[in-house]
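The values are calculated or read from the model by the stated rules, or taken from the named source; none is laboratory data. Quick caveat: nothing in here was measured; it's all calculated off a predicted structure. Neighbour counts run over all protein chains shown; Cβ positions are idealised from the backbone, glycine included. Only protein heavy atoms, including side chains, enter the accessible area calculation; ligands, DNA and RNA are left aside. Shrake-Rupley method; radii C 1.70, N 1.55, O 1.52, S 1.80 Å.
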Amino acid sequence: MKKLSISEVLASYKHFGSSYNQCVRYVRIFKYSSSKNIIVMARLKGIIKLEGTLDNLTFYKGKEGYLVKTKSGVSKERIQNDPAFERTRENGSEFGRSASSGKLLRTSARNLMIKAKDNRVSSRVTQVMTKIKNFDTSSIRGERNVATGLATPEGKAALKGFDFNNRAVLSAVLFAPFSVDGSTGEISIPNLTPTNDIAYPSGATHVSFTSAFLKVDFDTTENAIEYSPTVNIPIDSTSASQTLTPAGVPTGTGNDVFLLLVEFFQEINGVQYPLKNGAYNVLNIVEVA
């Protein structure tokens, strides 16, 4: 593997002149080696922030800041046709199916998800779908899929309990036991005492519960969803049983997915406002069948 020094990497930026070298404070180099190609990635910190492509360099913004990398020498045509990249094509095909299944789930639950999600929910859903795909033990490599994986107990278990907002997970917010009726989608929370059974954020005065019964077919992409009326109660020491019953049973084929949404509000002069724009809200897949 060829080892590049920082000075060699900086030399590739000759288009910018010496002033650019002066503004670069830190460069972290990663090296990737194959039989014919070396890719170098660097992280930039300075007054110049770039995005785009220049010669064989690609500048982009990532989670760790502004990054730059050299282009790979492997062409798209080679990856698509060279027998040496057969495993790459298989992995890419399966990843594409998993990503599409994740998008289908997010789209199906969109009306609830817009009230409770984090900024990495898309990638986290895809990660779960990839795991579920691995439980498909009947399809050949490159053809494994989420629909077949979800037909297994392990696949259903992987999806159950998924939180769409990783800043507010159900297990850390709702401590009261609840049950799910698989035939109707009804969620029952007996003897709920908000001040004791809910970890509510500071400033919250009310909490709302909504359930949903989703039927989604990850093979045909057909989906249908039914929602329960929203139950809104004050956060106090009153104990009462809460029942969330969807308006009906969705039609179609595929898997049954049951969701629970928990929202927090602050009441001011008789009007309830979402607390911190929903940052503390919970959306969880409580059961999968």
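Brief remarks follow.
- Here V128 qualifies as out of contact with any strand residue (DSSP E or B) (no Cβ under 8 Å at 6 or more places or on another chain), at pLDDT 90 or above and surrounded by 15 or more Cβ atoms within 10 Å (Cβ to Cβ).
- For region 194-234, a residue qualifies if it is touching a residue at least 40 places away in the same chain (Cβ under 8 Å), farther than 25 Å from A247 by Cα and of a type in the set (G, A, S), and the qualifying residues are G203, A204.
- The set of residues from region 115-158 being touching a residue at least 40 places away in the same chain (Cβ under 8 Å), within 21 Å of the chain's Cα centre (by Cα) and part of a loop (DSSP other than H, G, I, E, B) comprises K115, A116, K117, D118, R120, R144, N145, L150.
- Only one of the numbered conditions (1) of a type in the set (G, A, S); (2) under 21 Å from A212 (Cβ atoms); (3) without any contact (Cβ under 8 Å) to a residue 24 or more places away in the chain is violated by G270, and that is (2).
- Candidates L192, L174, filtered to the one that is of a type outside the set (D, E) and within 25 Å of the chain's Cα centre (by Cα): L174
- All conditions but one from (1) farther than 30 Å from I198 by Cβ; (2) in a helix (DSSP H, G or I); (3) at pLDDT 95 or above apply to Q80; the one that does not is (3).
- Region 235-248, residues that are touching a Pro at 6+ places or on another chain (Cβ under 7 Å) and not hydrophobic (A, V, I, L, M, F, W, C): D236, S241
- If you check E90, E86, E94 for being open to solvent by 80 Å² or more (accessible area, probe 1.4 Å) and modelled with pLDDT under 95, only one passes: E86.
- Residue count for region 152-180, restricted to those that are open to solvent by 60 Å² or more (accessible area, probe 1.4 Å) and charged (D, E, K, R): 3
- Breaking point among (1) closer than 21 Å to G161 by Cα; (2) in a strand (DSSP E or B); (3) aromatic (F, W, Y), for Y273: (1)
- All of G142, G149, G185 fail the test of being open to solvent by less than 20 Å² (accessible area, probe 1.4 Å) and modelled with pLDDT under 95, apart from G142.
- Where strands (runs of 3 or more DSSP E) fall entirely within region 200-263, those with at least 2 residues that are under 14 Å from N111 (Cβ atoms) are at 206-216, 223-227.
- The single condition from (1) within 22 Å of P274 (Cβ to Cβ); (2) touching an Asp or Glu at 6+ places or on another chain (Cβ under 8 Å) that A172 fails is (2).
- When region 98-114 is filtered for residues that are closer than 16 Å to L159 by Cα and either acidic (D, E) or crowded, with 19+ Cβ neighbours inside 10 Å (or both), the ones remaining, listed by number, are S98, S101, G102, L104, L105, S108, A109, M113.
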